[in-house]
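Here the structure comes first, spelled out in structure tokens, and everything after it is commentary.
No value in this document is a laboratory result; all are computed from the given coordinates. This structure is a prediction, so every number in the text was calculated from the model and none was measured.
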């Protein structure tokens, strides 16, 4: 059975609809292009499980983790900044940015709803906005890295995605 393909366009005249085309691209890239994406997907799953596990723990401290006003919002933003980046690296879709942001918003919302049912925790719309701000900050960072005048080699290394051809 051939693997499903969501490749955009053609690379050196091969067709993304055939297994031989995928094998040709895979050999051009120097290996199996599905393995890195699978690794990112596993990391995303483990990270989502860790978020769920830590959200299940009741709050035991009176003082906040970050000793600045609204420091917990910074933690929320950082948490879902990382979640967005893992989504972006794991998804094979054409509209990765939008899909990753939607998945981030949905998972952040489900996390807030989950916290509503945990003793000593509460769901907050402001926490959800902080989560979304982390995802949006990741989008901005990706766009900045894509368009900043970095060396071509550094840009390819930072934004390397297994579903794109290697540029030489």
Full-stretch length increase - residue 78, residue 118 - with 0.36 nm per residue and alpha-carbon distance subtracted: 12.2 nm
Once the principal axes of the Cα atoms of segment 34-158 are found, what is the range along each, listed largest first in whole angstroms? 49, 31, 20
Segment residue 146-residue 42, length gained on full extension (0.36 nm per residue, minus Cα span): 34.9 nm
Suppose a student asked you for the relative contact order of segment 34-158, using Cα pairs under 8 Å spaced at least 6 residues apart; what percent would you report? 32 percent
Extension reserve of the residue 102-residue 53 stretch, reckoned as 0.36 nm per residue once the Cα distance is removed: 15.5 nm
